[in-house]
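This report concerns only the one structure given below.
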Amino acid sequence: MWETRVTKLLGIEYPIIQGGLAYLAYSDLAAAVSEAGGLGQITAMSLESPEALRDEIHAVRKKTSKPFGVNFAIGQHGRPFEHMLQVAIDEKVPVVSMTGGNPTPIFDMLKGTSIKTLVLVAARRQAEKAEELGADAVMVVGQEGGGHLGRSDTGTMVLIPQVVDSVKIPVIASGGIGDGRGMMAALALGAEGIEMGTRFIATKECIHASSEYKERLVEASEEDTVVIKRSLGAPARAIKNSWTDKILEVEEKTPTYEALKQYISGEANKAYIYDGKESGFGWAGQVMGRIHDIPTVQELMDRMISEGLDIRKRWH
(Lines give C-alpha, C1' and ligand atoms only; values in the text may rest on other atoms or scores of the structure.)
Protein backbone atom coordinates (compact mmCIF):
# COMPACT_ATOMS: atom_id res chain seq x y z
CA MET A 1 0.00 0.00 0.00
CA TRP A 2 2.87 2.40 0.72
CA GLU A 3 5.06 1.36 -2.18
CA THR A 4 6.67 4.19 -4.16
CA ARG A 5 9.83 4.45 -6.21
CA VAL A 6 11.55 5.60 -3.01
CA THR A 7 10.54 2.54 -0.97
CA LYS A 8 11.60 0.24 -3.82
CA LEU A 9 14.89 2.10 -4.32
CA LEU A 10 15.83 1.98 -0.65
CA GLY A 11 14.25 -1.35 0.28
CA ILE A 12 12.08 0.14 3.03
CA GLU A 13 8.46 -0.42 4.04
CA TYR A 14 7.35 3.19 4.47
CA PRO A 15 8.51 6.25 2.49
CA ILE A 16 9.88 7.98 5.61
CA ILE A 17 13.52 9.04 5.95
CA GLN A 18 15.25 10.39 9.06
CA GLY A 19 17.37 13.48 8.46
CA GLY A 20 21.13 13.66 9.02
CA LEU A 21 20.85 15.67 12.29
CA ALA A 22 24.36 16.89 13.08
CA TYR A 23 25.67 15.61 16.44
CA LEU A 24 22.45 13.63 17.04
CA ALA A 25 21.94 11.00 14.32
CA TYR A 26 23.76 7.98 15.67
CA SER A 27 23.11 4.25 15.87
CA ASP A 28 20.29 4.27 18.45
CA LEU A 29 18.09 6.61 16.42
CA ALA A 30 19.09 5.28 13.01
CA ALA A 31 18.42 1.67 13.95
CA ALA A 32 15.06 2.52 15.53
CA VAL A 33 13.85 4.33 12.41
CA SER A 34 15.00 1.54 10.10
CA GLU A 35 13.53 -1.16 12.32
CA ALA A 36 10.19 0.70 12.32
CA GLY A 37 10.08 0.57 8.52
CA GLY A 38 11.72 3.84 7.47
CA LEU A 39 15.31 4.74 6.61
CA GLY A 40 17.46 5.73 9.56
CA GLN A 41 20.73 7.60 9.04
CA ILE A 42 24.06 8.10 10.79
CA THR A 43 25.67 11.56 10.61
CA ALA A 44 29.23 10.88 9.47
CA MET A 45 30.88 14.30 9.70
CA SER A 46 29.87 14.80 13.35
CA LEU A 47 32.04 11.82 14.28
CA GLU A 48 35.66 12.26 15.25
CA SER A 49 37.27 9.64 13.02
CA PRO A 50 36.72 6.95 10.39
CA GLU A 51 36.99 4.36 13.16
CA ALA A 52 34.13 6.03 15.04
CA LEU A 53 31.97 5.87 11.90
CA ARG A 54 32.80 2.20 11.44
CA ASP A 55 31.76 1.55 15.04
CA GLU A 56 28.42 3.32 14.48
CA ILE A 57 27.76 1.32 11.31
CA HIS A 58 28.46 -1.91 13.17
CA ALA A 59 26.21 -0.78 16.04
CA VAL A 60 23.30 -0.17 13.66
CA ARG A 61 23.74 -3.62 12.12
CA LYS A 62 23.66 -5.23 15.55
CA LYS A 63 20.27 -3.59 16.22
CA THR A 64 18.58 -4.08 12.85
CA SER A 65 19.03 -6.04 9.64
CA LYS A 66 17.09 -3.43 7.65
CA PRO A 67 18.57 -0.78 5.30
CA PHE A 68 20.04 2.44 6.69
CA GLY A 69 21.99 5.39 5.37
CA VAL A 70 25.06 7.46 6.17
CA ASN A 71 24.73 11.22 5.76
CA PHE A 72 27.65 13.41 4.70
CA ALA A 73 27.32 17.11 5.53
CA ILE A 74 30.17 17.92 3.20
CA GLY A 75 30.17 21.64 3.88
CA GLN A 76 30.46 21.18 7.65
CA HIS A 77 33.57 22.90 9.04
CA GLY A 78 35.36 22.38 5.73
CA ARG A 79 36.63 19.01 6.96
CA PRO A 80 37.86 16.49 4.39
CA PHE A 81 35.35 13.67 4.04
CA GLU A 82 37.16 11.18 1.79
CA HIS A 83 38.43 8.94 4.61
CA MET A 84 34.98 8.84 6.16
CA LEU A 85 33.33 8.03 2.84
CA GLN A 86 35.81 5.24 2.23
CA VAL A 87 34.58 3.58 5.43
CA ALA A 88 30.99 3.71 4.14
CA ILE A 89 32.18 2.16 0.87
CA ASP A 90 34.23 -0.53 2.61
CA GLU A 91 31.29 -1.38 4.85
CA LYS A 92 28.94 -1.51 1.84
CA VAL A 93 26.33 0.72 3.45
CA PRO A 94 23.06 0.66 1.48
CA VAL A 95 22.57 4.43 1.16
CA VAL A 96 24.66 7.60 1.21
CA SER A 97 23.02 11.02 1.44
CA MET A 98 24.72 14.36 0.85
CA THR A 99 23.94 17.79 2.22
CA GLY A 100 25.74 21.08 1.59
CA GLY A 101 28.73 21.72 -0.63
CA ASN A 102 29.52 20.21 -4.02
CA PRO A 103 28.60 16.49 -4.12
CA THR A 104 30.63 15.73 -7.27
CA PRO A 105 33.63 14.22 -5.40
CA ILE A 106 31.29 11.87 -3.53
CA PHE A 107 29.73 10.65 -6.77
CA ASP A 108 33.22 10.11 -8.16
CA MET A 109 34.19 7.93 -5.21
CA LEU A 110 30.94 5.95 -5.33
CA LYS A 111 31.26 5.00 -8.99
CA GLY A 112 31.17 1.24 -9.44
CA THR A 113 29.44 0.60 -6.10
CA SER A 114 25.81 -0.40 -5.51
CA ILE A 115 25.30 2.34 -2.91
CA LYS A 116 22.13 4.39 -3.48
CA THR A 117 22.60 8.17 -3.45
CA LEU A 118 20.32 10.90 -2.10
CA VAL A 119 21.11 14.62 -2.40
CA LEU A 120 19.47 17.33 -0.28
CA VAL A 121 18.60 20.41 -2.34
CA ALA A 122 16.66 23.61 -1.75
CA ALA A 123 16.01 24.80 -5.30
CA ARG A 124 14.85 23.43 -8.64
CA ARG A 125 18.19 24.07 -10.37
CA GLN A 126 20.05 22.20 -7.61
CA ALA A 127 17.73 19.23 -8.10
CA GLU A 128 18.37 19.23 -11.84
CA LYS A 129 22.12 19.34 -11.22
CA ALA A 130 21.90 16.43 -8.76
CA GLU A 131 20.04 14.41 -11.38
CA GLU A 132 22.74 15.21 -13.94
CA LEU A 133 25.40 13.97 -11.52
CA GLY A 134 23.60 10.66 -11.15
CA ALA A 135 21.65 10.99 -7.90
CA ASP A 136 19.12 8.21 -7.37
CA ALA A 137 16.71 10.64 -5.67
CA VAL A 138 16.62 14.20 -4.36
CA MET A 139 15.46 15.39 -0.95
CA VAL A 140 13.93 18.84 -1.36
CA VAL A 141 13.71 21.14 1.68
CA GLY A 142 11.39 24.12 1.87
CA GLN A 143 12.04 27.20 3.99
CA GLU A 144 9.98 25.81 6.91
CA GLY A 145 12.71 23.28 7.63
CA GLY A 146 15.22 23.28 10.45
CA GLY A 147 18.96 23.62 10.03
CA HIS A 148 20.45 24.83 6.76
CA LEU A 149 18.04 25.96 4.06
CA GLY A 150 18.10 27.46 0.59
CA ARG A 151 18.83 31.11 -0.01
CA SER A 152 15.30 31.79 -1.24
CA ASP A 153 12.23 31.73 0.98
CA THR A 154 10.28 29.26 -1.13
CA GLY A 155 8.03 27.05 0.97
CA THR A 156 7.59 23.31 0.69
CA MET A 157 4.09 23.53 -0.85
CA VAL A 158 5.45 25.45 -3.83
CA LEU A 159 8.92 23.96 -4.11
CA ILE A 160 7.99 20.26 -4.16
CA PRO A 161 5.74 20.31 -7.25
CA GLN A 162 8.24 22.61 -9.00
CA VAL A 163 10.98 20.02 -8.56
CA VAL A 164 8.69 17.07 -9.33
CA ASP A 165 7.91 18.68 -12.69
CA SER A 166 11.61 19.30 -13.39
CA VAL A 167 13.30 15.95 -12.76
CA LYS A 168 12.65 12.32 -13.61
CA ILE A 169 14.18 10.81 -10.46
CA PRO A 170 12.09 10.40 -7.29
CA VAL A 171 11.56 13.45 -5.08
CA ILE A 172 11.55 13.27 -1.28
CA ALA A 173 9.86 16.20 0.50
CA SER A 174 11.38 17.87 3.55
CA GLY A 175 10.56 20.91 5.64
CA GLY A 176 7.47 21.35 7.80
CA ILE A 177 6.56 17.65 7.89
CA GLY A 178 6.07 15.87 11.20
CA ASP A 179 2.95 13.72 11.02
CA GLY A 180 0.75 11.63 8.75
CA ARG A 181 -1.06 14.65 7.39
CA GLY A 182 2.22 16.21 6.28
CA MET A 183 3.25 12.93 4.68
CA MET A 184 0.02 12.63 2.72
CA ALA A 185 0.24 16.28 1.62
CA ALA A 186 3.75 15.64 0.30
CA LEU A 187 2.59 12.56 -1.62
CA ALA A 188 -0.30 14.58 -3.05
CA LEU A 189 2.23 17.15 -4.32
CA GLY A 190 4.03 14.44 -6.27
CA ALA A 191 6.76 13.52 -3.79
CA GLU A 192 7.39 9.81 -3.32
CA GLY A 193 8.73 10.02 0.21
CA ILE A 194 9.40 12.41 3.07
CA GLU A 195 12.38 13.34 5.20
CA MET A 196 11.92 14.46 8.81
CA GLY A 197 14.57 15.95 11.05
CA THR A 198 13.08 18.01 13.87
CA ARG A 199 10.30 15.51 14.62
CA PHE A 200 12.76 12.66 15.13
CA ILE A 201 14.73 14.70 17.68
CA ALA A 202 11.69 14.63 19.97
CA THR A 203 11.73 10.84 20.31
CA LYS A 204 13.01 8.61 23.07
CA GLU A 205 15.68 7.02 20.87
CA CYS A 206 17.34 10.35 20.09
CA ILE A 207 19.36 9.77 23.24
CA HIS A 208 21.99 12.46 22.66
CA ALA A 209 19.48 15.34 22.65
CA SER A 210 19.09 16.97 26.07
CA SER A 211 15.76 16.86 27.87
CA GLU A 212 15.70 20.67 27.72
CA TYR A 213 16.04 20.59 23.92
CA LYS A 214 13.24 18.04 23.54
CA GLU A 215 10.97 19.86 25.98
CA ARG A 216 11.49 23.10 24.09
CA LEU A 217 10.41 21.37 20.89
CA VAL A 218 7.22 20.22 22.63
CA GLU A 219 6.39 23.49 24.37
CA ALA A 220 7.29 26.07 21.72
CA SER A 221 5.17 27.23 18.79
CA GLU A 222 5.91 27.56 15.09
CA GLU A 223 6.72 31.22 15.76
CA ASP A 224 9.61 30.37 18.08
CA THR A 225 12.20 29.82 15.36
CA VAL A 226 14.52 32.26 13.67
CA VAL A 227 16.74 32.15 10.57
CA ILE A 228 20.39 32.90 11.31
CA LYS A 229 23.51 33.13 9.08
CA ARG A 230 21.72 34.91 6.22
CA SER A 231 24.59 37.42 6.10
CA LEU A 232 26.99 34.53 5.35
CA GLY A 233 24.84 33.26 2.49
CA ALA A 234 24.04 30.11 4.49
CA PRO A 235 20.63 30.68 6.11
CA ALA A 236 19.62 28.16 8.76
CA ARG A 237 16.60 27.87 11.06
CA ALA A 238 17.11 27.52 14.81
CA ILE A 239 15.12 27.78 18.03
CA LYS A 240 14.83 31.40 19.08
CA ASN A 241 16.68 32.21 22.31
CA SER A 242 19.06 34.81 23.76
CA TRP A 243 21.98 33.21 21.88
CA THR A 244 20.30 33.52 18.48
CA ASP A 245 19.35 37.11 19.41
CA LYS A 246 23.07 37.78 19.86
CA ILE A 247 23.85 36.12 16.52
CA LEU A 248 21.35 38.36 14.73
CA GLU A 249 22.77 41.40 16.49
CA VAL A 250 26.29 40.54 15.31
CA GLU A 251 25.01 39.86 11.80
CA GLU A 252 23.45 43.31 11.68
CA LYS A 253 26.52 45.13 12.98
CA THR A 254 29.46 43.02 11.72
CA PRO A 255 28.29 40.47 9.15
CA THR A 256 31.53 38.52 8.81
CA TYR A 257 32.44 34.93 9.58
CA GLU A 258 35.23 36.03 11.92
CA ALA A 259 32.77 38.02 14.01
CA LEU A 260 30.23 35.19 14.06
CA LYS A 261 32.30 32.05 14.30
CA GLN A 262 32.29 31.74 18.11
CA TYR A 263 28.50 32.05 18.15
CA ILE A 264 27.72 29.62 15.29
CA SER A 265 30.36 27.00 16.05
CA GLY A 266 29.76 23.30 16.54
CA GLU A 267 30.69 23.78 20.19
CA ALA A 268 27.92 26.36 20.64
CA ASN A 269 25.51 23.97 18.94
CA LYS A 270 26.50 21.09 21.22
CA ALA A 271 26.27 23.26 24.34
CA TYR A 272 22.55 23.62 23.72
CA ILE A 273 21.57 20.26 22.22
CA TYR A 274 23.65 18.14 24.63
CA ASP A 275 23.53 20.16 27.85
CA GLY A 276 20.52 22.47 27.43
CA LYS A 277 22.67 25.55 28.02
CA GLU A 278 21.36 28.91 26.83
CA SER A 279 24.92 29.77 25.80
CA GLY A 280 24.32 27.94 22.55
CA PHE A 281 21.72 27.15 19.90
CA GLY A 282 19.72 24.24 18.54
CA TRP A 283 18.35 23.67 15.06
CA ALA A 284 14.60 23.28 14.62
CA GLY A 285 12.01 23.73 11.91
CA GLN A 286 8.65 25.40 12.14
CA VAL A 287 7.11 21.95 12.55
CA MET A 288 7.97 22.15 16.23
CA GLY A 289 4.64 23.95 16.56
CA ARG A 290 3.07 20.57 15.70
CA ILE A 291 5.12 18.52 18.21
CA HIS A 292 3.22 17.73 21.41
CA ASP A 293 4.93 14.68 22.86
CA ILE A 294 8.10 12.58 22.97
CA PRO A 295 7.13 9.10 21.77
CA THR A 296 9.28 6.16 20.79
CA VAL A 297 10.18 6.04 17.11
CA GLN A 298 7.89 3.03 16.68
CA GLU A 299 4.97 4.90 18.26
CA LEU A 300 5.58 7.91 16.02
CA MET A 301 5.80 5.84 12.86
CA ASP A 302 2.70 3.79 13.77
CA ARG A 303 0.77 6.99 14.41
CA MET A 304 1.83 8.51 11.09
CA ILE A 305 0.80 5.43 9.14
CA SER A 306 -2.54 5.32 10.96
CA GLU A 307 -3.14 9.00 10.15
CA GLY A 308 -2.23 8.34 6.54
CA LEU A 309 -4.68 5.44 6.32
CA ASP A 310 -7.46 7.58 7.81
CA ILE A 311 -6.81 10.24 5.17
CA ARG A 312 -6.91 7.64 2.41
CA LYS A 313 -10.29 6.45 3.65
CA ARG A 314 -11.63 10.02 3.59
CA TRP A 315 -10.25 10.55 0.10
CA HIS A 316 -12.04 7.43 -1.13
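Please verify whether Ala130 is within 25 Å of Asn269 (Cα to Cα), small (Gly, Ala, Ser) and touching a strand residue (DSSP E or B) at 6+ places or on another chain (Cβ under 9 Å), treating the condition exactly as stated. Write out each step before concluding.
On the way: within 25 Å of Asn269 (Cα to Cα): no; small (Gly, Ala, Ser): yes; touching a strand residue (DSSP E or B) at 6+ places or on another chain (Cβ under 9 Å): yes.
No: the conditions fail for Ala130.
Please go through segment 62-82 and pick out each residue that is of a type outside the set (Val, Ile, Thr) and part of a loop (DSSP other than H, G, I, E, B).
Those that are of a type outside the set (Val, Ile, Thr) and part of a loop (DSSP other than H, G, I, E, B): Ser65, Lys66, Pro67, Gly75, Arg79, Pro80, Phe81.
Conditions: (1) touching a Pro at 6+ places or on another chain (Cβ under 9 Å); (2) part of a loop (DSSP other than H, G, I, E, B). Ile207 meets all but one. Number of the miss?
With (1) touching a Pro at 6+ places or on another chain (Cβ under 9 Å); (2) part of a loop (DSSP other than H, G, I, E, B) applied to Ile207, the lone miss is (1).
Give the residues of segment 215-232 that are outside any strand (DSSP E or B), touching a residue at least 60 places away in the same chain (Cβ under 8 Å) and in contact with a Lys or Arg (Cβ under 9 Å, 6 or more places away or on another chain), sorted by residue number.
Selection gives Leu217, Ala220, Glu222, Glu223, Asp224.
Listed residues Glu278, Glu219, Glu307; which is surrounded by 14 or more Cβ atoms within 10 Å (Cβ to Cβ) and acidic (Asp, Glu)? Give the derivation first.
Values: Glu278 fails: surrounded by 14 or more Cβ atoms within 10 Å (Cβ to Cβ); Glu219 fails: surrounded by 14 or more Cβ atoms within 10 Å (Cβ to Cβ).
Selected residue: Glu307, the only one of Glu278, Glu219, Glu307 that is surrounded by 14 or more Cβ atoms within 10 Å (Cβ to Cβ) and acidic (Asp, Glu).
Could you pull out the residue among Lys253, Lys246 that is of a type in the set (Lys, Arg) and exposed (fewer than 13 other Cβ atoms within 10 Å of the Cβ)? Lay out the reasoning, then the answer.
Numbers: Lys246 fails: exposed (fewer than 13 other Cβ atoms within 10 Å of the Cβ).
Going through Lys253, Lys246 in turn, the sole match is Lys253.
Given the structure, is Gly266 in contact (Cβ under 8 Å) with a residue 12 or more places away in the chain, crowded, with 18+ Cβ neighbours inside 10 Å, outside the structural domain of Arg199 (by TED's automatic domain parsing) and of a type outside the set (S, T, N, Q)? Spell out how you get there, then give the answer.
Numbers: in contact (Cβ under 8 Å) with a residue 12 or more places away in the chain: yes; crowded, with 18+ Cβ neighbours inside 10 Å: no; outside the structural domain of Arg199 (by TED's automatic domain parsing): yes; of a type outside the set (S, T, N, Q): yes.
Judged against the criteria, Gly266 is not a match.
Every residue in segment 120-139 that is small (Gly, Ala, Ser), buried (at least 18 other Cβ atoms within 10 Å of the Cβ) and closer than 14 Å to Thr104 by Cα, please. Steps first, please.
Taking segment 120-139 as the starting set, the residues that turn out to be small (Gly, Ala, Ser) are 122-123, 127, 130, 134-135, 137.
When the remaining residues are screened for being buried (at least 18 other Cβ atoms within 10 Å of the Cβ), the result is 122, 127, 130, 135, 137.
Ala127, Ala130, Ala135, listed by residue number.
Of the residues Ile106, Ile74, Ile12, only one is within 23 Å of Gln298 (Cβ to Cβ) and either surrounded by fewer than 24 Cβ atoms within 10 Å (Cβ to Cβ) or touching a helix residue (DSSP H, G or I) at 6+ places or on another chain (Cβ under 9 Å) (or both); which?
Ile12
Where residues in segment 140-167 are farther than 21 Å from Ala238 by Cβ and not β-branched (Val, Ile, Thr), which of them is surrounded by the fewest Cβ atoms within 10 Å (Cβ to Cβ)?
Taking the candidates together, the pick is Asp165.
Here's a check for you: in segment 181-194, which residue that is free of Cβ contacts under 8 Å to residues at least 40 places away in the same chain and part of a helix (DSSP H, G or I) is farthest from the chain's Cα centre (by Cα)?
Taking segment 181-194 first, the residues free of Cβ contacts under 8 Å to residues at least 40 places away in the same chain are 185-186, 188-190.
After this cut, where a residue has to be part of a helix (DSSP H, G or I) as well, the list is 185-186, 188.
On the way: Ala185: 18, Ala186: 16, Ala188: 21 Å.
Residue satisfying both the conditions and the ranking: Ala188.
Run down Thr43, Thr64 and say which single residue is farther than 18 Å from Ala135 by Cβ and surrounded by 24 or more Cβ atoms within 10 Å (Cβ to Cβ).
Thr43 is the lone residue from the list that is farther than 18 Å from Ala135 by Cβ and surrounded by 24 or more Cβ atoms within 10 Å (Cβ to Cβ).
Working carefully through the options Thr117, Thr99, find the one that is of a type in the set (S, T, N, Q) and closer than 21 Å to Thr154 by Cβ. I'd like the intermediate steps shown before the answer.
Numbers: Thr117 fails: closer than 21 Å to Thr154 by Cβ.
Of the residues listed, the single one that is of a type in the set (S, T, N, Q) and closer than 21 Å to Thr154 by Cβ is Thr99.
Just wondering, is there one or more residues in segment 82-94 that are under 15 Å from the mean Cα position of the chain (by Cα) and of a type outside the set (S, T, N, Q)? So that I can check it myself, show each step before the final result.
Just the residues of segment 82-94 that are under 15 Å from the mean Cα position of the chain (by Cα), to begin with: none.
No: segment 82-94 contains no residue that is under 15 Å from the mean Cα position of the chain (by Cα) and of a type outside the set (S, T, N, Q).
Residues that are more than 19 Å from Met45 (Cβ to Cβ): list the helices (runs of 4 or more DSSP H) wholly contained in segment 100-180 that include at least 2 such residues.
The qualifying helices (runs of 4 or more DSSP H) are 124-133, 156-164.
Does Phe81 count as of a type in the set (Phe, Trp, Tyr) and either modelled with pLDDT of 95 or more or out of contact with any Phe, Trp or Tyr (no Cβ under 9 Å at 6 or more places or on another chain) (or both)? Even if it seems obvious, please write down each step before you answer.
Values: of a type in the set (Phe, Trp, Tyr): yes; either modelled with pLDDT of 95 or more or out of contact with any Phe, Trp or Tyr (no Cβ under 9 Å at 6 or more places or on another chain) (or both): no.
It is false that Phe81 is of a type in the set (Phe, Trp, Tyr) and either modelled with pLDDT of 95 or more or out of contact with any Phe, Trp or Tyr (no Cβ under 9 Å at 6 or more places or on another chain) (or both).
Look at Leu85 and say whether it is within 30 Å of Lys62 (Cα to Cα), outside any helix (DSSP H, G or I) and outside the structural domain of Asp224 (by TED's automatic domain parsing). It would help to see each step written out before you state the result.
Values: within 30 Å of Lys62 (Cα to Cα): yes; outside any helix (DSSP H, G or I): no; outside the structural domain of Asp224 (by TED's automatic domain parsing): yes.
When the stated conditions are applied, Leu85 does not pass them.
Exactly one condition in (1) out of contact with any Asp or Glu (no Cβ under 8 Å at 6 or more places or on another chain); (2) in contact (Cβ under 8 Å) with a residue 60 or more places away in the chain is false for Met288; which is it?
Unmet for Met288, out of (1) out of contact with any Asp or Glu (no Cβ under 8 Å at 6 or more places or on another chain); (2) in contact (Cβ under 8 Å) with a residue 60 or more places away in the chain: (1).
The values are calculated or read from the model by the stated rules, or taken from the named source; none is laboratory data. Just so we're clear, the structure is a prediction, and the values are computed from it rather than from any experiment. Cβ: placed from backbone, ideal geometry, glycine included. Neighbour counts: every protein chain shown.
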